[in-house]
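Notes to accompany the following structure.
Read-outs: derived from the displayed coordinates by stated rules, not from any lab. Nothing here was measured: the structure is a model prediction, and the numbers come from that model. Positions of Cβ are generated from backbone atoms using ideal geometry, with glycine treated the same way; all protein chains shown enter the neighbour counts.
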Amino acid sequence: DAGVIQSPRHEVTEMGQEVTLRCKPISGHDYLFWYRQTMMRGLELLIYFNNNVPIDDSGMPEDRFSAKMPNASFSTLKIQPSEPRDSAVYFCASSFRDRGRGTEAFFGQGTRLTVV
Amino acid sequence: LAKTTQPISMDSYEGQEVNITCSHNNIATNDYITWYQQFPSQGPRFIIQGYKTKVTNEVASLFIPADRKSSTLSLPRVSLSDTAVYYCLVGITMNYGGSQGNLIFGKGTKLSVKP
């Protein structure tokens, strides 16, 4: 498996524009996580899904952020409208629920978003 | 979710053994202890996981005392390529339903290995 695949790797956009980040989890994984990382705030969990259903979106900062998972192999994180303070690296991760074990998540390479 | 405390930074030299300790005083019975490593411009990578006593793999060892209120990640004979941020996570496993699967990262320990 190629691992978790995120696209694009880099995105530069103007304030007010809509931004869509994409993620393809590892096949067979039933959990998907979206994170945001900045120097100031570190790694923040935004939302996670189990079997394509959003379980906890309490980390989503504002209504401008939305995430979907239409099927087991694809998820999007959308920011509309984007603002300069949304500039960060956004990571997607997936994991498989393994009874008797803790959580081992696999992360993508991230999307570096710059909003000017 | 059990809160973790670990040093902000550590320095070491090539060839030395590095031990990073994480405190998690209110760990729950069902919680596992997991460590991740993150290099610049990359996503975190799973290193090792344990529940109690000692766990060893090809990368590191994890020592967990009987009370499980702390854990120590041990990296034998570090090299320059081990320079990274190391995160300790303590959380409920995914065994009990989707509502308990969140992964919360703290600030981590920035390890700098010098020649």
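Between B:LYS54 and B:ASN19, what FRET efficiency follows from the Cβ-Cβ distance if R0 is 22 Å, with the result rounded to 0.05?
Using R0 = 22 Å, I get an efficiency of 0.95.
Using a Gaussian network model on chain B with a 10 Å cutoff between Cα atoms, which of B:GLN37, B:GLN16, B:GLN49 fluctuates the most?
Taking springs between Cα atoms under 10 Å, the residue moving most is B:GLN16.
What does the convex hull of the Cα atoms of chain A come to per residue, in Å³, rounded to a whole number?
Convex hull of Cα atoms, per residue: 98 Å³.
If we count every other residue with Cβ under 15 angstrom of B:THR83's Cβ, Lys/Arg +1 and Asp/Glu -1, where does the sum land?
Value of the local net charge: +1.
Within 10 Å of each residue's Cβ, count the other Cβ atoms and sort A:ASP57, B:ASP11, B:ASP31 from fewest upward.
Going from sparsest to densest Cβ surroundings: B:ASP11, A:ASP57, B:ASP31.
GNM, chain A, Cα, under 10 Å: largest mean-square fluctuation among A:MET69, A:MET60, A:MET40?
Top of the fluctuation ranking is A:MET40.
Taking K and R as +1 and D and E as -1, what net charge do the other residues with C-beta under 12 Å from the C-beta of B:THR5 add up to?
That works out to +3.
Which whole-Hz couplings ³J(HN,Hα) result when phi for each residue of the stretch A:74-85 is put into the Karplus expression 6.51 cos²θ - 1.76 cosθ + 1.60, θ = phi - 60°, listed in order with x for Gly and Pro?
Ordered by residue, 3J(HN,Hα) equals 7, 9, 10, 10, 10, 10, 8, x, 7, 9, x, 6 Hz.
Among residues other than B:VAL113 whose Cβ falls under 10 Å from its Cβ, what is the net charge (Lys/Arg +1, Asp/Glu -1)?
-2
Let me understand the protein assembly as shown better: what is its radius of gyration from the alpha carbons, and its Dmax, in angstrom?
Radius of gyration, then largest Cα-Cα span, for the protein assembly as shown: 17.8, 54 Å.
Report the relative contact order of chain B, percent, no decimals, based on alpha-carbon pairs under 8 angstrom and at least 6 residues apart.
In percent, rounded to a whole number, it is 36.
Hey, in the GNM for chain A with a 10 angstrom Cα cutoff, which one of A:ILE26, A:ILE79, A:ILE55 fluctuates hardest?
A:ILE55
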